[in-house]
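In what follows, a single structure is set out as structure tokens and then discussed.
The values are calculated or read from the model by the stated rules, or taken from the named source; none is laboratory data. The model shown is predicted, which means the values in this text are computed figures rather than measured ones. All Cβ positions, glycine included, derive from the backbone under ideal geometry; neighbour counts span all protein chains shown. Only protein heavy atoms, including side chains, enter the accessible area calculation; ligands, DNA and RNA are left aside. Shrake-Rupley method; radii C 1.70, N 1.55, O 1.52, S 1.80 Å.
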Amino acid sequence: MQTTERPAPDTARAAAWSDLLRSHGRRVTKQRLAVLDAVDRRPHSTADEVLADVRTSVYVVLSDLTAVGMLRKFEPPASPARYETRTGDNHHHAYCVRCGTVADVDCAVGHAPCLTPSEHHGMQLLTADVVYQGICADCLAAGASREQAAPEQPSAEQPLPAGG
Ligand SMILES: [Zn+2]
Ligand SMILES: [Zn+2]
Ligand SMILES: [Zn+2]
């Protein structure tokens, strides 16, 4: 027996909310519809509860738009996934390992896969994921000024906390 907490999107209800929003002089936006839908399905919600619900729908929308190719998902090492609307151009990313900032890098070749593999294992290769990892200019500058202000001290070894 399957219980579905979330009913299928009710287009009739969404249309009714849209009419009501317009009658109050409000533009119909995804956020307003999502908030109305969340409160409607769970009366007496707190703002945090609405946020949690809308957050869930944001994940669903991101995943869906990525699946159809309207969004590109980039997963930096040890960092949450990032999404962008720049798709289909085989651009790459430069990732700062200190602050996590991500910058686009145009592909020097322009088409995928842009790296010649040493071995293709009989596969038809589609893409080569290129991630440049480094330290961004801001972090380099911050590191340089920190070292000038306070030269690194030899630190005594901290004992690890017991347990865990
Ligand atoms: Zn940085
Ligand atoms: Zn990008
Ligand atoms: Zn490339």
Estimated inter-spin distance, residue 11 and residue 30, nm [label 7 Å along Cα→Cβ]: 1.8
Sticking with the crude label model, points 7 Å out along Cα→Cβ, report the distance from residue 98 to residue 55 in nm, one decimal please. 3.0
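Ignoring ligands, DNA and RNA, what accessible area per residue does region 72-149 give at 1.4 Å, in Å²?
Details: 5550 Å² over 78 residues.
On a per-residue basis, region 72-149 sits at 71 Å².
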Counting sequence-distant residues (5 or more places) and residues on other chains, those with an amide H built under 5 Å from that of residue 71 are 66
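State the antiparallel share, in %, of DSSP beta bridges confined to region 72-149, rounding to the nearest 5. Present the calculation step by step, with values, prior to reporting the outcome.
Working: 7 of 11 bridges.
Rounded to the nearest five, the antiparallel share is 65 percent.
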What three numbers, in Å, describe the spread of the alpha carbons of region 11-67 along their principal axes, ordered from the longest? 33, 28, 18
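Carbon and sulfur together cover what percent of the accessible area of region 72-149 at a 1.4 Å probe radius? Can you show the working numbers first?
Numbers: 2880 of 5550 Å².
Of the solvent-accessible surface of region 72-149, carbon and sulfur hold 52 percent.
At a 10 angstrom cut-off on C-beta neighbours, averaged per residue, how do the peptides 108-115, 96-103 rank from highest to lowest? Don't skip to the answer; put the middle values down first.
Numbers: 108-115: 12.2, 96-103: 14.6.
Those peptides, ordered most packed to least, come out 96-103, 108-115.
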Around residue 21: net Lys/Arg minus Asp/Glu count, Cβ-Cβ under 11 Å: +3
Suppose the chain between residue 107 and residue 86 were pulled fully straight at 0.36 nm per residue; how much longer would it get relative to their current alpha carbon spacing? 6.3 nm
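Ignoring any ligand, DNA or RNA, what whole percent of the accessible area of region 11-67 comes from carbon and sulfur when the probe is 1.4 angstrom?
Working: 2490 of 4250 Å².
Heavy-atom surface of region 11-67 belonging to carbon and sulfur, 1.4 Å probe: 59 percent.
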State the answer as a single residue: which of 18, 51, 61 lies farthest towards the positive end of the charge dipole of region 11-67, with beta carbon charges of +1 for Lys and Arg and -1 for Asp and Glu, about the Cα centre. 18
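Using every Cα-Cα pair within region 72-149, state what percent have a distance larger than 15 Å.
Percent of Cα pairs beyond 15 Å in region 72-149: 63.
What length, rounded to one decimal in nm, is gained on full extension from residue 48 through to residue 120, with 0.36 nm per residue of separation minus their alpha-carbon distance? Please list the in-between numbers first.
Numbers: separation 72, 0.36 × 72 = 25.92 nm, distance 4.99 nm.
Stretched out fully, the residue 48 to residue 120 stretch lengthens by 20.9 nm.
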Could you give the nm distance between label points at residue 145 and residue 129, where each point is 7 Å from its Cα heading toward the beta carbon? 3.5
Residue by residue through region 106-117, the couplings from Karplus 6.51 cos²θ - 1.76 cosθ + 1.60 with θ = phi - 60°, in Hz, x for Gly and Pro, are 4, 5, 5, 8, x, 9, 8, x, 9, 10, 7, x
log10 I(q)/I(0) for region 7-106, Debye formula on C-alpha points only (no solvent), q = 0.16, 0.24 Å⁻¹, two decimals, reads -0.85, -1.23
